[in-house]
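The values are calculated or read from the model by the stated rules, or taken from the named source; none is laboratory data. Please read all numbers here as calculations on a predicted model, not as lab measurements. Using ideal geometry, Cβ is built from the backbone for each residue, glycine included, and neighbour counts are taken over all protein chains shown. Note: accessible area is taken over every heavy atom of the protein model, side chains too, but ligands, DNA and RNA are not part of it. Shrake-Rupley method; radii C 1.70, N 1.55, O 1.52, S 1.80 Å.
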Amino acid sequence: MAIFDHQTDDAGDTPDNGPARVPYDRDSVAELRARVRELEARNDQLLLTLEKTHLGLWRWCPQTGEKWVSPAAFRMLGYSDSSEADLSDLKAYFVDEGEWRGYRHMVARCLRGEIDMGQHEHRLRHRDGQVLWTVERIAVLERGADGRATMVCGARADISDRLEEERTYRWLAMHDPLTSLPNRRAFQESLENQFGLGGQKDRTIGLVFVDLDHLKAINDADGHAVGDSALRTVARALEAACHPPMTAARIGGDEFAVLLPGVTADELDEFASDLASAANEVSVSVGGALFPRDAVDQPSLEKAADAALYRAKESGRGRAVTTIG
C-alpha cells in the first residue's frame, strides 16, 4: 500500500531539504502489513458470505445522504453494481405503493428515535421482471444530541423461497395431494362455518356424501395406479358439478363430500342424481340430506347424509338417495 512506500537509509537519516521522518521498526511494519492483508481477506470473505446467503447490507448517513450498499444487495435485484442501478432510490423497485409507505414509516420512526430497530416485509422488482419477497431489518448505529439518527444500517434478505415453501405447506395442510380437492379438515371447517352463521331465516344447508364403488376390488385387480385414476375421475366430476358457494372435498380413502349452502330440496335431489351419472367412467354411490328438513344441527345432518349413502349402497350402488324417510 502507498502509505508504506516511503524510503529511508538504513540509519534512518533524512535528506537535509526534506521533513524529518520518524524512524520505524521494519518488523513492526511487516506485522502491520500482514494485519492489513488479513483484514482485507476477512472483508472479502464477508462479502462472499453475504452473496452466498442472499443477504445484502447497506449503511446510510441521513444528514449527508452518503450511502454504502454491498455487492450482494445489487445482485439480489439482478444488477452487478451501482453503475447499473441506483438503490438509493429504492421506491422505484417497490411493487406495491402501500408496502413502500409502510417501509418508509418504519424508517421514519427509527430516524426520529421512536425505535432503535425495525423489520418490514415487502416485494421488490427484479431486473428481469420477477417479483421478490424480501425482509429488511434496520438498526440505528449512532444518534446526535437531539436524538435523531446520524448513522443507520440495514440488512435485506430474499425470502421468496421460504414463502413459497410456507404456501406449499399451508396448501398441503388443507388439501388432498392426489386429487387436489380440499381435505376432511378443510371441509369440516367449511361445514362448521355454515352452521356458525346463524340468524338467517329459512337458511338451508345441503350435504352430499359420495363413495367410489368397489375401490378395493379395483386396486386388487388392476393395481393402485388404476384406483388412483378412478379417484381423480370422481374428483374432476365433482369439480365440474360444483359452483360457488358449493364446496367439494375428499374426506377419506374412497369418500367425498359436497357442501351446498342455500339449496332447495329439489335442487339437492337434482344435484345428487346428476352426480351419480356424471362420473360415467366409474360407479359412485351418492347420499344427501338437507338442513333443517332432515336434521336439527351439524352432527345430525352428517348422520342423515351418511344414512342416505348407506341406503344407496344397499340399493345396488351407482345411484343417489336424498331422503331416508
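General remarks:
- Between Thr64 and Arg125, the distance separating the two model label sites (each 7 Å from Cα on the Cα→Cβ line) works out to 3.2 nm.
- Ligands, DNA and RNA left out, the 1.4 Å accessible surface of region 108-159 is 47% carbon and sulfur atoms.
- With θ taken as phi - 60° and the Karplus curve 6.51 cos²θ - 1.76 cosθ + 1.60 applied, the whole-hertz 3J(HN,Hα) list for region 215-232 is 4, 4, 5, 5, 4, 5, 7, 10, x, 5, 5, 5, x, 4, 4, 5, 5, 5 Hz, x standing for glycine and proline.
- FRET E, pair Ser82, Met174, Förster distance 35 Å, beta-carbon r, rounded to 0.05: 0.20
- The gain in end-to-end length when the Asp266 to Glu189 segment is fully stretched comes to 25.1 nm, 0.36 nm per residue minus the alpha carbon separation.
- Under 5 Å between amide hydrogens, built in the peptide plane, is the criterion, and for Gly262 it picks out Thr204, Ile205, Gly206 among residues at least 5 positions away or on other chains.
- The GluC sites (Glu not before Pro) of region 237-293 meeting both criteria, a DSSP state outside H, G, I, E and B (loop) and at most 11 other C-beta atoms within 10 angstrom of the site's C-beta, are Glu281.
- Straight-line reach from Lys67: taking Cα to Cα under 12 Å and skipping same-chain neighbours fewer than 8 places apart, the aspartates and glutamates in range are Asp86, Asp89.
- Coordinate range of the alpha-carbon atoms in region 201-325 per principal axis, descending: 50, 29, 22 Å.
- Legend: calculated FRET efficiency, Arg317 to Asp202, from the Cβ-Cβ distance at R0 = 41 Å, rounded to 0.05, equals 0.75.
- Residue-wise HN-Hα couplings along region 111-120, as the Karplus relation 6.51 cos²θ - 1.76 cosθ + 1.60 with θ = phi - 60° gives them from phi, are 5, 6, x, 6, 9, 9, 9, x, 9, 8 Hz; Gly and Pro carry x.
- Kirkwood Rh (inverse of mean 1/r, distinct Cα pairs), region 174-250, angstrom: 14.2 Å
- Of the trypsin sites (Lys or Arg not before Pro) in region 177-255, those whose Cβ has at most 14 other Cβ within 10 Å and which sit in DSSP loop: Lys201, Arg203
- Residues whose amide H falls under 5 Å from that of Val284, counting only those 5 or more places apart or on a different chain, are Asp213, Gly318, with hydrogens built in the peptide plane.
- Here's the list of aspartates and glutamates a cross-link from Lys313 could span, going by alpha-carbon distance under 15 Å and ignoring same-chain residues fewer than 8 apart: Asp211, Asp213, Asp254, Glu255.
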